[in-house]
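Asker: Sharing a structure here in structure tokens format.
The values are calculated or read from the model by the stated rules, or taken from the named source; none is laboratory data. Every value quoted in this text rests on a predicted model; they were computed, and no experiment measured them. Backbone-built Cβ (ideal geometry, glycine too); neighbour counts: all protein chains shown. Only protein heavy atoms, including side chains, enter the accessible area calculation; ligands, DNA and RNA are left aside. Shrake-Rupley method; radii C 1.70, N 1.55, O 1.52, S 1.80 Å.
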Amino acid sequence: PGTGQTVTGGDTGGGGNAIPHFPIKVNKQQAERISGIQGSAGLRFMPYWVYHFSSSGEQVFRDRRIPFDAEGSGAINAINGIRIEVDPAQIEQGEVMLNAEIVPSHITQEEATERVIEETIARLTQKVRIKQEKGDAIFYEEKVLRPDRRNIKVEVSEAFIPVWQIRGKKIVEVNGVTGEILSEPM
């Protein structure tokens, strides 16, 4: 997609670049009200890496079987790396407003994929402790078991979230899907 461009024109729907994005559910006037400040609102499409991962496999330690089966999805902000929950089924491919800014990614697709793999490994890693008795002695054996990164499959695709940026005495950004004020402006 043509990222990093601002195309000027009327405040009409469509007519701009066709990109995968989440639907705009909060209009300009609603965003200005939510922001609580006087100012002009502009629409920006923020890049996210939407991912789905699945992990499989297991390891055996003594008599214990440790499975590493897991599945999940979410999105990573391609500018600041903040992770959010999204519903990938909401993504639509279509034109965006002519005067909307499409912000380019700072985090690459490879970096996002690697981050998902590393966080999945960290989340599924387990410390296993086995108690053994020999005569009167009791001792424990501990081992850290991690999933094999080859058993983690990740699908990553780019999608944009609409954000209304209201510029007044300060800058307030409102998520164009949920209506939430962003705690960390872009």
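Asker: Compute the accessible area per residue over the chain, keeping the other protein chains in place, probe 1.4 Å, unit Å².
Answerer: It amounts to 57 Å² per residue over the chain.
Asker: Relative contact order of the range 13-148: what whole-number percent is it, with Cα pairs under 8 angstrom and at least 6 residues apart?
Answerer: 28 percent
Asker: For the pair Tyr140/Glu118, report the inter-label distance in nm, with labels modelled 7 Å from Cα in the Cβ direction.
Answerer: So the label points at Tyr140 and Glu118 sit 3.0 nm apart.
Asker: Of the options Tyr51, Ile76, Val144, report the single residue whose Cα projects farthest towards the positive end of the charge dipole of the chain (beta-carbon charges: Lys, Arg +1; Asp, Glu -1).
Answerer: Ranked along the dipole, the leading option is Val144.
Asker: Using Cα atoms only, what is the angle between the long axis of helix 109-124 and the major principal axis of the chain, expressed in degrees (0 to 90) to the nearest 10?
Answerer: Between helix and principal axis, roughly 40 degrees.
Asker: Same structure, new question: Please state the relative contact order of the range 100-186 as a whole percent: Cα pairs under 8 Å, 6+ residues apart?
Answerer: Over the range 100-186, the number comes to 19 percent.
Asker: If you place +1 on the Cβ of every Lys and Arg, -1 on the Cβ of every Asp and Glu, and leave all else neutral, what size is the dipole of the range 68-186 about its Cα centre, to the nearest 20 Debye?
Answerer: Computed about the Cα centre, the dipole is about 500 debye.
Asker: Based solely on its DSSP helices, what 222 nm [θ] is calculated for the chain when runs of n ≥ 4 H residues each add -39,500 (n - 2.57) and the sum is averaged over all residues, nearest 500 deg cm²/dmol?
Answerer: -4000 deg cm²/dmol
Asker: Another question, then. Once the Cβ-Cβ distance between Val60 and Ala89 is put in as r, and R0 is 45 Å, what FRET efficiency do you end up with, to the nearest 0.05?
Answerer: FRET efficiency, Val60 to Ala89: 0.75.
Asker: Simple spin-label model, 7 Å along Cα-to-Cβ: Arg167 to Arg33 in nm?
Answerer: Label-label distance for Arg167 and Arg33, simple model: 2.5 nm.
Asker: How many nm separate the modelled label positions at Arg149 and Gln132, each set 7 Å beyond the Cα in the direction of the Cβ?
Answerer: So the label points at Arg149 and Gln132 sit 3.1 nm apart.
Asker: Given R₀ = 22 Å, FRET efficiency for Glu180-His106 by Cβ-Cβ distance, to 0.05?
Answerer: It comes to 0.50.
Asker: Rounded to the nearest Å, what's the spacing between the alpha carbon centres of the range 119-174 and the range 99-116? Just the number, please.
Answerer: Between the Cα centre of the range 119-174 and that of the range 99-116, the gap is 21 Å.
Asker: Probe radius 1.4 Å, ligands and nucleic acids ignored: give me the carbon and sulfur share of the accessible area of the chain as a rounded percent.
Answerer: Carbon with sulfur: 45 percent of the solvent-accessible area.
Asker: Next question, about the same structure. List the trypsin sites (Lys or Arg not before Pro) in the range 17-64 that DSSP assigns to loop (not H, G, I, E or B) and whose Cβ has at most 15 other Cβ atoms within 10 Å. Which are they?
Answerer: Sparse-neighbourhood loop trypsin sites (Lys or Arg not before Pro): Lys25, Arg62.
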